[in-house]
Every structure is written in C-alpha cells, then in structure tokens.
1. Just to confirm the number: angle between the C-alpha axis of helix 41-51 and the first principal axis of the chain, 0 to 90 degrees, nearest 10?
2. What residues have an amide H closer than 5 Å to that of Leu138, excluding those fewer than 5 places away on the same chain, when H is modeled at 1.01 Å from N in the peptide plane?
3. I need to check one value: relative contact order of segment 63-142, counting alpha carbon pairs closer than 8 Å and at least 6 residues apart, in percent.
4. Can you give the helix-only mean residue ellipticity at 222 nm for the chain, where every DSSP H stretch with n ≥ 4 adds -39500 (n - 2.57) and the sum goes over all residues, rounded to the nearest 500 deg cm²/dmol?
5. Report ³J(HN,Hα) in whole Hz for each residue of segment 117-133, in order, from the Karplus equation J = 6.51 cos²θ - 1.76 cosθ + 1.60 where θ = phi - 60°; Gly and Pro get x.
6. In nm, give the distance between the simple-model label positions of Ser6 and Arg45, each being 7 Å from the Cα along the Cα-to-Cβ direction.
7. If you work out semi-axes √(5λ) of the Cα gyration tensor in Å from the coordinates, which of (1) 30, 22, 14; (2) 22, 18, 15; (3) 29, 17, 15 do you get?
8. With an 8 Å cut-off on Cα pairs and a minimum separation of 6 or more residues, tell me the relative contact order of the chain in percent.
Amino acid sequence: MQGFRSDGSLARIVRRDDEPGTPTRAEQDAYFRGMVAAYTEERRRRVAEVAANVPLVDAFPAFDAVIGDALGHLWVAEFKRPGDEYRGTLWTVFNGDGRMLGLVDTPEILTVYEIGEDYILGEGTDDLGVEYVRMWGLVRQG
C-alpha cells in the first residue's frame with residue numbers, strides 16, 4: 001500500500017507479508033449472497049443473474065478499507081474471507097513509519113467514521129435494522 005502526502009508525492013510504502021489466496025467459485029458465490037442478503041427478493045434475483053456471469057477472480061483483495069486516526073496511524077481493514085471465524089472487522093494498525101502496532105476487532109455492524117485518541121465513532125444497525133451512531137471507547141497500549 002502506498003501513502004501519499006497532501007501534495008501528491010509518495011511518502012511511504014507499507015507492506016505486510018500475506019498470501020491473498022485464490023477463491024473458489026463457491027466462495028465467490030457465497031460472498032455475493034452475503035452482499036445481497038438484505039436486498040428485496042426481486043433485487044436479489046436480478047443481482048444473482050448478473051453475479052452468475054462474473055468471472056472467477058484471481059485472488060482475494062489484500063484489504064477492505066483504510067482510514068487514518070487522530071494520532072496519524074493507518075488502520076487497514078482485513079478483507080473477510082469465506083471461512084474466517086472472527087466476527088466484525090479486523091483492523092491492522094500501522095504507525096506513521098509503517099510499522100505494525102497491532103490488531104483491533106470492531107463490531108460486525110460498524111461503519112467507522114472517525115478514530116480519535118480514545119474513541120471510535122461509527123454507525124451500527126440494531127437487531128431491528130435501525131441505524132444509529134455510536135461511540136466506542138478505545139484503549140491504546142504502549
């Protein structure tokens with residue numbers, strides 16, 4: 001992953017050794033099914049018709065999302081592969097020099113908007129499908 005300064009120049013390259021793996025057709029189909037689970041039956045049917053013709057991808061994505069925090073750390077969300085047994089989102093956190101600081105697990109229903117020094121602000125959905133904004137405490141070590 002490349003990091004750029006506000007003027008567009010390259011600031012650093014962050015790498016982590018990981019083998020992305022090649023998905024099977026069943027894994028790719030399961031990903032699509034999970035993606036459209038909340039859709040209406042009609043919309044799911046239309047998406048399934050399109051998804052059936054999507055060629056098999058060569059590899060899983062290296063990551064899902066990236067966000068910076070108030071302390072200048074980079075949070076990289078792991079791409080959740082079929083069969084991964086953790087719930088929520090697993091984030092790898094890097095310092096400004098690109099050194100891995102650790103892993104953070106956030107709730108399954110969380111969309112992160114902001115990461116402060118001691119909090120994570122995000123959007124979640126309750127069991128009834130009602131969206132809400134919530135703040136979770138964040139304890140940093142070291």
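Computed from the coordinates by the stated procedures, all read-outs in this text should not be read as laboratory data. In this text, all values refer to a predicted model and were calculated from it rather than measured experimentally. Here the Cβ positions follow ideal geometry from the backbone for every residue, glycine too, while neighbour counts run over all protein chains shown.
1. 80
2. Amide H to amide H, under 5 Å and 5 or more residues apart or across chains, Leu138 pairs with Tyr119, Ile120.
3. 20
4. -4500 deg cm²/dmol
5. Coupling constants for segment 117-133: 5, 9, 8, 10, 9, x, 10, x, 10, 7, 4, 8, x, 7, 7, 8, 9 Hz.
6. Placing both labels 7 Å along Cα→Cβ, they lie 5.3 nm apart.
7. (1)
8. It rounds to 14 percent for the chain.
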